[in-house]
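Enquirer: Sending over a structure as structure tokens; questions will come in a sec.
The values are calculated or read from the model by the stated rules, or taken from the named source; none is laboratory data. Values in this document were obtained by computation on a predicted structure and should not be read as measured data. A quick note on method: Cβ atoms are made from the backbone with ideal geometry, for glycine too, and the neighbour counts reach across all protein chains shown. Only protein heavy atoms, including side chains, enter the accessible area calculation; ligands, DNA and RNA are left aside. Shrake-Rupley method; radii C 1.70, N 1.55, O 1.52, S 1.80 Å.
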Amino acid sequence: MARGDRSPIGEFTLSSSSRSSMNSLLLTGILVIIILSLVSWFILNQQSAAISNRNLAMAAGTNAAVLKSSKKRNNTVVITGPMGAGKTALWCYLRFPNNRSAPKTQTSMAVNSAEVSIDGTGVYLVDVPGHQRHRFDRDAFLPAARAVIFVVDSAEVTRKARHTAEFLYDVLANKHVQQKEIPVMILCNKQDDPSALSNVRIKAMLEDEIGKLRTTRQADLGSLRSVGGAAGAGGSGAGNEDDDDDAAAEKASDFLGYEGKKFAFEHLSNPVQINESSMAMGLGIGGMEQIKAWVSDAFNA
């Protein structure tokens, strides 16, 4: 073979080795990128979790302080209801009556509270977030309440009828609301939405859903009572009678309206009023004046 001639076999071997090295380097680079991405994701996730926990802790501390303060008062108005209904917007309107424009709000993470004057009446106004984890906050504020405003999204209530009725049932069946006959306003908000239902239709819908819930809850309490009685069959008679009395009392307190009759808000001992509103329409236009007059009447009754 001449010196100038090239060996096809040697060329093929060198080319294959180069490709193998390049493939190895490429694979190593991809693995390094993946590992760095995972490490970065983990660090960001930990930082996000820490921030979230810090925010929740701050919210919990704020809620505890507000609750402690409200217990010293007997002039609390509790604004409650499902998420996204417009509770915080209502709170802002009543808190800042001179602001004529619609407030820009977002879903609350903590309780909002302030001392305000509504038609010359001093009110401690509390806005409780609608998330499930704030149900305890709502129930903790109700003993000091003079009035409750339950805000409903009129455009979404059809899709969330059951959930809204369950939320409202818990408020109306609360022992403090019943014993003190605390007035409740069901505020059908977002009436500016083309798909919004009128307060008349929402009233009928909620009454129907509460009627169904009433039957379900009584059946559940009856089942618990039966299970408790069977479990305590081997115990003393006096103990069983006490359990039965407690179950009967719980069943009676949780029942809304008249037994044997279709549920209606008019059957409750505490007054329930159903109004329409639109936070987007502003003061004096979206039903705010009626709300203020109702709060004033509730305090002066």
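Enquirer: Among the residues of the stretch 271-289, count how many are at pLDDT 90 or above and either open to solvent by 80 Å² or more (accessible area, probe 1.4 Å) or assigned to a strand (DSSP E or B) (or both).
Expert: Residues meeting the conditions: 5.
Enquirer: Among Leu25, Leu56, Leu67, which is modelled with pLDDT under 70, open to solvent by 50 Å² or more (accessible area, probe 1.4 Å) and either more than 24 Å from Ala293 (Cα to Cα) or not polar (S, T, N, Q) (or both)?
Expert: On the way: Leu25 fails: modelled with pLDDT under 70; Leu67 fails: open to solvent by 50 Å² or more (accessible area, probe 1.4 Å).
Of the residues listed, the single one that is modelled with pLDDT under 70, open to solvent by 50 Å² or more (accessible area, probe 1.4 Å) and either more than 24 Å from Ala293 (Cα to Cα) or not polar (S, T, N, Q) (or both) is Leu56.
Enquirer: Moving on. Test Val128 against the stated conditions and say whether it is open to solvent by less than 20 Å² (accessible area, probe 1.4 Å), β-branched (Val, Ile, Thr) and in contact (Cβ under 8 Å) with a residue 60 or more places away in the chain.
Expert: Working: open to solvent by less than 20 Å² (accessible area, probe 1.4 Å): yes; β-branched (Val, Ile, Thr): yes; in contact (Cβ under 8 Å) with a residue 60 or more places away in the chain: no.
In short, no.
Enquirer: Is it the case that some residue within the stretch 189-200 is open to solvent by less than 10 Å² (accessible area, probe 1.4 Å) and at pLDDT below 95? Walk me through how you get there before you give the answer.
Expert: Within the stretch 189-200, the first condition is being open to solvent by less than 10 Å² (accessible area, probe 1.4 Å), and the residues that meet it are 189.
Checking the rest, the ones that are also at pLDDT below 95 come to 189.
Yes - at least one qualifying residue is present in the stretch 189-200.
Enquirer: So is Ala144 among the hydrophobic types (A, V, I, L, M, F, W, C) and modelled with pLDDT under 95 or not?
Expert: Details: among the hydrophobic types (A, V, I, L, M, F, W, C): yes; modelled with pLDDT under 95: yes.
Against the criterion (among the hydrophobic types (A, V, I, L, M, F, W, C) and modelled with pLDDT under 95), Ala144 qualifies.
Enquirer: Of the numbered conditions (1) at pLDDT below 80; (2) in contact with a His (Cβ under 7 Å, 6 or more places away or on another chain); (3) not polar (S, T, N, Q), Met83 fails exactly one; give the number of that condition.
Expert: If we test Met83 against (1) at pLDDT below 80; (2) in contact with a His (Cβ under 7 Å, 6 or more places away or on another chain); (3) not polar (S, T, N, Q), just (1) comes out false.
Enquirer: So Val152 ticks every box in (1) surrounded by fewer than 19 Cβ atoms within 10 Å (Cβ to Cβ); (2) part of a strand (DSSP E or B) but one. Which box is left unticked?
Expert: (1) is the only condition that Val152 fails.
Enquirer: Additional query: Just give me the residues in the stretch 157-183 being assigned to a loop (DSSP other than H, G, I, E, B) and more than 13 Å from the chain's Cα centre (by Cα), in sequence order. Step through it out loud before you land on a result.
Expert: Step one: filter the stretch 157-183 for residues assigned to a loop (DSSP other than H, G, I, E, B), giving 157-160, 173-174, 180-183.
Scanning the stretch 157-183 gives Val157, Thr158, Arg159, Ala173, Asn174, Lys180, Glu181, Ile182, Pro183.
Enquirer: What are the residue pairs meeting all of these: first residue in the stretch 182-211, first residue among the hydroxyl-bearing types (Ser, Thr, Tyr), second residue assigned to a strand (DSSP E or B), Cβ atoms under 9 Å, and 6 or more apart or on different chains?
Expert: These pairs meet every condition: Ser198/Cys188; Ser198/Glu276.
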